Amino acid sequence: MSFEIDVSCSHPTFRINESQLRHALQHGLQVERVRSAVLSLTVVDNANSHRLNKEHLQHDYPTDVISFQLDWTSGDRTIEAPSQTPTERSVNANIEGEVVVNADVAAEMAQQFGWSTDEELTLYAIHGMLHICGYDDQTTDEKEIMRAREKAILLGIGLTPQYPAAGRADDDEPPGDSIKLTSAAHAPSSISAEVADDTKEGTQ
């Protein structure tokens, strides 16, 4: 297994636990038995989350996590896409992607659930990683599978994920958004670099 994981923060005030986020992603990739991965994780604020969500997914609001699947190839040349099994959809796969998580949303939700912002961000990071591994949450069944994988991964590092109670309005929508980018124009770390450039220029 070979994992290259870059963690950065463009939030103007929040300070991340970089080692916790990197460790969680590495653990998640090992649990999913990924062969190799190049991942970047960027922590942003509401303004940058809103901008990226609108620009790439045409959703005019900030969100908790956005994932970009840049590449997915299997070690088995006969397999062209992730399986639809409940676990380990990227066994022996080589993946590349970017995950953008929103510290402002995490702080709000963490307060409701009684755990830390860092722990809520860790949930978002794993959620985004699972999208890149081939999981989805557009149906009730898929959402249940994805949450089961989140729980299995997070329990392995001593965290118990918190979710809105079933039936609550904020539990109707799947957390975050995901997109597959197949254009060669989207180089690794392009999203994180874009956020960093905007932050330097003072764009909010």
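Nothing in this text is a laboratory measurement; each read-out follows from the coordinates by a stated rule. Quick caveat: nothing in here was measured; it's all calculated off a predicted structure. In this analysis, Cβ positions are derived from the backbone assuming ideal geometry, glycine residues included, and neighbour counts consider all displayed protein chains.
Here are a few things to note about the model shown:
- Hypothetical label at Met1: residues of the range 31-57 whose amide nitrogen lies under 12 Å (7 Å Cα-Cβ projection): 31-37
- Each of Glu150, Glu18, Glu96 was scored by other Cβ atoms within 10 Å of its Cβ. Arranged with the fewest first, they read Glu18, Glu96, Glu150.
- Sorted by Cβ density within 10 Å, fewest first, the residues Leu41, Leu21: Leu21, Leu41
- Full-stretch length increase - Ser116, Tyr61 - with 0.36 nm per residue and alpha-carbon distance subtracted: 17.4 nm
- Working from label points 7 Å from Cα in the Cα-to-Cβ sense, the Asp141 to Asn92 distance is 2.6 nm.
- Karplus (6.51, -1.76, 1.60) ³J(HN,Hα), θ = phi - 60°, over the range 141-155, in Hz, Gly and Pro reported as x: 4, 5, 4, 5, 4, 5, 5, 5, 5, 4, 4, 4, 5, 5, 4
- Stretch gain in nm, segment His23-Ala47, where the contour uses 0.36 nm per residue and the Cα spacing is subtracted: 5.9 nm
- Each label was represented as a point 7 Å from its Cα along the Cα-to-Cβ direction; for Asp76 and Ala107 these points are 4.6 nm apart.
- Between Thr13 and Ala152, the modelled labels are 4.0 nm apart [label points 7 Å from Cα along Cα→Cβ].
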